[in-house]
Structures are given as C-alpha cells and as structure tokens.
Amino acid sequence: MIRTLGEILSSVSDAVWSFDLASNKFVYINSRLADLYETSLDNIEETDSFWLPYIHHDDYNYAVTEAEQVYSGKKVEIEYRILVKGKVKWVLDKRSVLFDENNNPQIITGILSDITVRKTDESKLTDLEKTFRYIFLNNPNPLWIYDLESLKFLEVNNAAIAKYGYTRDEFLSMTIADIRPKEDVPELLKHVKNVGNQYLNSQKYWRHAKKNGDVLYVNISGHGINHKGRNAEIVMAHDITLEVEGRITIELGKENLDALINSIKEHIWSIDTKYKFISLNKSLKESIKQSVGREIKIGDSVLLPEYEQDEIAYWKNYYDRALKGETFSFIEMVKLPSKLPLCAEITMSPIKNKGRIIGAACISYDIQEKLNAQELIIEQNKKLREVISLASHEIRGPVASLMGLISAFNRDDLTDPNNEEVIRLITDVTTTLDAALHKLVDKSYSLREERKPKHAVQYNRSGNE
C-alpha cells in the first residue's frame, strides 16, 4: 500500500506546515503543530499569524525579526520560547521559502520542534558549570587544570595563586614543569604518561617551587578530564611541608642515633613483649653472627634457638622482669653459643608508651678486662706485701746486727785482737744484707714490670669517650 505524503508527514514527531503566500492559506498542517500549541487545527488555519500571541514576550522581537528574513530567501533556524496555557516551551523553528518563476516568494515551509527537554538540560548543565567553577575557584586547596600534551596551565584557582605567589596570567603562561626543581621533571613526565580518565594519587610527595624560590612538599591527587576539547588533568595539591620536614628531621635524627649506637662497642638491643628484636646495634649483630653463624634481623626472637633450653628459660626470666616494669642490673657469665663465656654487667629496663609497657631496653658491658685488671692489682698487692715483709724482716735484722758490731769495734786500739773477729762478723752480716737487697730489688723489678699495661685498656663504657 502506497502512503501519501500527508500520511508520512503526519507520522513524524515534529510539527510540519506549509503556507501559500498567494492564497494566504496553509496548504498543509500536521497534527503535531496543534499538539505543540495545545489547540485545534481549525484555530491554526484561521490565520498565518496564529503563532505570534504564543511567543514569550522576552523573545518576541528576536523571533519575529529573524523569521521575516525567510522572505528574502534566507533559511531561518531560530530558538525561542512560547507560552502555552501558562507553560514555557522551547521550540526550534526552521523555515525556508520556494520562489516562483518570477523569483517571488510563493510557499513557506516550516518544521517546528519541541526542544524544551534539551534546553532544560542545558540550563541545568549551565548551573552545574557555574557551581563547579565557584567550587574550583574558591576551594581552600590549590587546584589547577593543565594540558596533558603541552603541560601548560589551563585554569588555576585562587588558593594556588596565594600559595605559590604567581598571578593568574603568570600561571597561564607557564607549564607545570616550571614549578618543579629541574631534577624532578623526568619523574613528573613519567607521572603524566599514567594519567587517564580515573582518579590518581601517587601516594608520594612532590617538591614544588614557589615564585620566591621556597620549596613546598605536596601530595598530589588528580583526575583526567576533557577541558574545552583538550585532554587534561585536574589536580589538587595538599601542602604537607611541615609533615615532611618533621619526618626528614626524625629520620635524620634516627640515622645519627643509629650511627652513634652502632659505633659503641657495648651490646645494645631492645625487644617487644613477644621477645622479638625491635633494635640491635652492630656490635651485637657481629657477636651473634660469629657465635651462631647467621645474621640476626629485626623481628627475630632474642631467645636464640641455638641456646640450650635451660639457658633460654634462664634469660627469659630476666626479660620478664623488665617487661613487668622493673629496672635492674646484674653481672652474669654470658654464654653465647660456640664462644667462650665472658663476664658482663647487664642493665635492663622497661620501654613505656603512654604508661603502657611495650618492650624492654638492654645494654651489656663486657667487664672481663676490668675483672682481669682487678685480679692483677690483687696479685700485685700480695707481692707488695711480700716486699714490705722482706724489707721489714730480712733487711732490718742484718742492719741491726751490723750496727751492734760497729759499736763493738775498738777504735781506740786498732791492734785489739777482738777487732779481727768483729770485722769477720761484719763481713758475714754484710754478705747476708747484700743478698737480701738483691732479693728486694728483684721483687721490686718484677712488680714494676707486672704493673706495666700489656696493651691499652679503656674502661670507658663507650669506645668513643
């Protein structure tokens, strides 16, 4: 079945009409035109200017002026509002003209489309754009949009201007590489390659340079967007300068403290409540490695499995005392596996955080050399007493005898036969005294040699003191 043109046009969703200028009558009107104006076709056919009373008063002059240009042969396409029973509707009005053989306008044809929904959506979108721009410009955090290809700033908010010190025009003449130290730009370019239509936070801090040269540490979050036809990214910068500088200071302090502790020859370590190492210095690490043949790491148990079970229980008792809040010192023969025992003075104390015990701190001083020195002093004192005894008894007797013999010598008569006996006795006593003196000298020399240090011995608790 062949359908007529009228039937075809009546089935389309837009209002279609055709008006004959010569007869001043509509030659065609479909039902959609009556539906649009919510009136009857008879009312529409009464006059070609039926549509004028419906035009919104704010759009009247514009709509009429533009529509009249169709008579000069121009194709008209205009949007304006109409008022239908108190309701505002938006229409898209398209008109064209056919001329006769004398080039006079003969028939005007029009298509009228209801675009109310689209215009309403556009209005909402415009309002949303205004809201977005307000939020963007007045966000308390620095925000900007940049071109992913050229890296040029496309938009920048007030907080960024205040934070970085550049004017808006200065920002828009720069790239995001201009606010980075030069050595950070290669890492920036790697980041830009990963930007897509998704939220992105690198979970790291970046360095940014202000106009005055100051460096900021910032955390960056962003999202790829299409901005005015350009592939771009919107970025928010969170200033974490104080946090990062504090972290750097803490890390530097920890490095210095670790260096200091690792330079001390005494063993220093700490454990948690599960008897696992929280820290241990280089001296203890090396000592344990030499004894058990393996590296000890943070998190390993301080109760080495290489110990005998009774030894583990013995030391666990000490650790338990510290973990219960006691601070104490004790002297113990430390028996590291495969090493000779050594005498050490050990101090243990609890580690507290907000009043709660979270571990124990320990330090061990090797006092074996000190004990050896004390034993040497005791032995030397014993020998010194022998020297004193020797001087008191073995020398004092002969000296007294010698003094008595000298007084018995007859100085008035040197030919006295008794003098010969006195001289002989003096000679005997002198020989005895000489032997005693030699014995005293030998013991004194031996004592002096023993007091000489065999090697330099430091009794400071730190080899750096």
*Is it the case that some residue within segment 242-261 is in a strand (DSSP E or B), in contact (Cβ under 8 Å) with a residue 12 or more places away in the chain and within 25 Å of the chain's Cα centre (by Cα)?*
no
_Selection within segment 161-192 - surrounded by 13 or more Cβ atoms within 10 Å (Cβ to Cβ), outside any loop (DSSP other than H, G, I, E, B) and of a type in the set (A, V, I, L, M)_ = I161, L172, I176, A177, I179, V185, L188, V192
*For residues in segment 87-118 being surrounded by 14 or more Cβ atoms within 10 Å (Cβ to Cβ) and basic (K, R), which is nearest to the chain's Cα centre (by Cα)?*
K89
*For segment 212-231, enumerate the residues that are polar (S, T, N, Q) and without any contact (Cβ under 8 Å) to a residue 40 or more places away in the chain.*
N219, S221, N226
*Count of segment 137-160 residues which are in a helix (DSSP H, G or I) and surrounded by fewer than 17 Cβ atoms within 10 Å (Cβ to Cβ)*: 3
*Tell me, please, whether a residue that is under 30 Å from K382 (Cβ atoms), out of contact with any Phe, Trp or Tyr (no Cβ under 8 Å at 6 or more places or on another chain), among the charged types (D, E, K, R) and at pLDDT 70 or above can be found in segment 405-419.*
no
*Residues (of a type outside the set (A, V, I, L, M, F, W, C), closer than 19 Å to P53 by Cα, surrounded by 14 or more Cβ atoms within 10 Å (Cβ to Cβ) and free of Cβ contacts under 8 Å to residues at least 40 places away in the same chain) located in segment 66-86*: E66, Y80, R81
*Among the residues of segment 276-296, is there at least one that is within 20 Å of D366 (Cα to Cα) and over 39 Å from the mean Cα position of the chain (by Cα)?*
no
*Which residue, of N201, N141, is modelled with pLDDT under 90 and closer than 12 Å to A237 by Cβ?*
N201
_Search result, residues across segment 275-301 that are surrounded by 12 or more Cβ atoms within 10 Å (Cβ to Cβ), β-branched (V, I, T) and closer than 22 Å to K352 by Cβ_ = I278
*Quickly run through segment 45-66 and pick out the residues that are under 25 Å from N104 (Cα atoms) and in contact with a strand residue (DSSP E or B) (Cβ under 6 Å, 6 or more places away or on another chain).*
E45, D48, A63, E66
*Does S329 count as outside any helix (DSSP H, G or I) and within 21 Å of L342 (Cβ to Cβ)?*
yes
_Given the criterion out of contact with any Asp or Glu (no Cβ under 8 Å at 6 or more places or on another chain) and either among the charged types (D, E, K, R) or at pLDDT below 95 (or both), identify the matching residue among K25, K75._
K75
*Picking from L98, L92, L112, which residue would you name as being farther than 16 Å from F19 by Cα and either at pLDDT 95 or above or of a type in the set (A, V, I, L, M, F, W, C) (or both)?*
L92
_Can you tell me which condition D272 does not meet? The list is (1) in contact with a Ser or Thr (Cβ under 8 Å, 6 or more places away or on another chain); (2) modelled with pLDDT of 85 or more; (3) surrounded by 14 or more Cβ atoms within 10 Å (Cβ to Cβ), and all the others hold._
(1)
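The values are calculated or read from the model by the stated rules, or taken from the named source; none is laboratory data. Keep in mind it's a predicted model, so treat the numbers as computed, not measured. Note that each Cβ is placed from the backbone with ideal geometry, even for glycine, and that neighbours are counted across all protein chains shown.
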